[in-house]
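Below is one structure; the comments refer to it alone.
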Amino acid sequence: MFSSIDVSARNESFPNSLAEFSQIVGERYVITGEALEPYTHDATFMEGQVTAAVLPATTAEVSQVIGACSRLGIAVIARGSGTSLVGGSVSLSGGIVLSLERLNEILIDVGNVCAVVGAGAITGSIQQAAALYGLMYPPIRQAFRCPRSVATSHATQGVPAASSTVSRPTT
Ligand SMILES: Cc1cc2nc3c(=O)[nH]c(=O)nc-3n(C[C@H](O)[C@H](O)[C@H](O)COP(=O)(O)OP(=O)(O)OC[C@H]3O[C@@H](n4cnc5c(N)ncnc54)[C@H](O)[C@@H]3O)c2cc1C
């Protein structure tokens with residue numbers, strides 16, 4: 001069964017929510033106005049409508065932003081680098097873009113041959129970090145030219161499961 005959602009009423013709660021988002025992530029990381037343009041589309045022709053982009057720096061901040069949106073009934077579109085070719089990170093019904101670009105930490109655990117990375121870490125950066133320790137992170141080749149985030153590479157199955165760990169080159 002399908003039903004539509006009227007988001008116009010929900011968007012009325014935005015003035016208050018922008019102040020709340022600013023308290024959580026800092027005012028400079030709540031993007032509105034003209035600066036919002038890069039967050040209104042991905043790599044497709046699709047253009048969306050959002051009221052703000054919110055850029056948390058930690059998982060705790062992500063949790064708080066999601067909590068506020070849940071309480072206020074505001075739609076959330078998660079976003080890595082916005083390179084999706086299917087309009088996945090474009091909101092057609094308002095709400096906020098929750099950009100994970102600041103969650104870009106990369107920890108290489110050489111002993112266990114694995115990496116712990118933030119959702120917004122760029123796949124090419126993980127490969128470069130792994131290479132510093134003689135390891136490799138083997139995503140598909142295009143990922144090096146395309147600044148895609150690691151979270152979506154796996155969430156959208158853009159890379160094979162075997163690529164979810166760093167590994168020692170065999171040659
Ligand atoms: C030149 C080029 C080449 C490409 N080559 C390939 C390819 O070979 N194979 C391929 O599969 N794709 C390819 N893509 C498409 C795109 O790069 C991938 O889908 C990539 O994984 C998207 O990463 P992103 O960080 O830009 O995600 P976004 O575009 O920001 O988001 C993609 C989707 O994931 C969701 N999302 C984002 N972050 C999170 C999160 N943290 N948690 C949950 N959901 C989240 C978004 O809401 C959206 O639905 C290519 C794109 C370009 C421009």
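The values are calculated or read from the model by the stated rules, or taken from the named source; none is laboratory data. Just so we're clear, the structure is a prediction, and the values are computed from it rather than from any experiment. Cβ atoms come from the backbone with ideal geometry, glycine included; neighbour counts cover every protein chain shown.
Taken over the stretch 148-159, residues that are of a type outside the set (S, T, N, Q), at pLDDT 65 or above and near the ligand (Cβ under 7 Å from one of its atoms) amount to 2.
Here is a yes/no grid of residues against (1) over 28 Å from residue 124 (Cα atoms); (2) touching an Asp or Glu at 6+ places or on another chain (Cβ under 8 Å); (3) within 15 Å of the ligand (Cβ to nearest atom):
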| residue | (1), (2), (3) |
| --- | --- |
| 43 | no, no, yes |
| 47 | no, no, yes |
| 53 | no, no, yes |
| 63 | no, no, yes |
| 71 | yes, no, no |
| 78 | no, no, yes |
| 81 | no, yes, yes |
| 89 | no, yes, yes |
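Scan the stretch 31-71 residue by residue and report those that are touching a residue at least 40 places away in the same chain (Cβ under 8 Å) and in a loop (DSSP other than H, G, I, E, B). Of everything in the stretch 31-71, those that are touching a residue at least 40 places away in the same chain (Cβ under 8 Å) and in a loop (DSSP other than H, G, I, E, B) turn out to be 42, 43, 44, 46, 48, 49, 50, 51, 55, 56, 57, 58. From the list 113, 86, the one residue that fits, being over 17 Å from the mean Cα position of the chain (by Cα), within 30 Å of residue 138 (Cβ to Cβ) and surrounded by fewer than 16 Cβ atoms within 10 Å (Cβ to Cβ), is 113.
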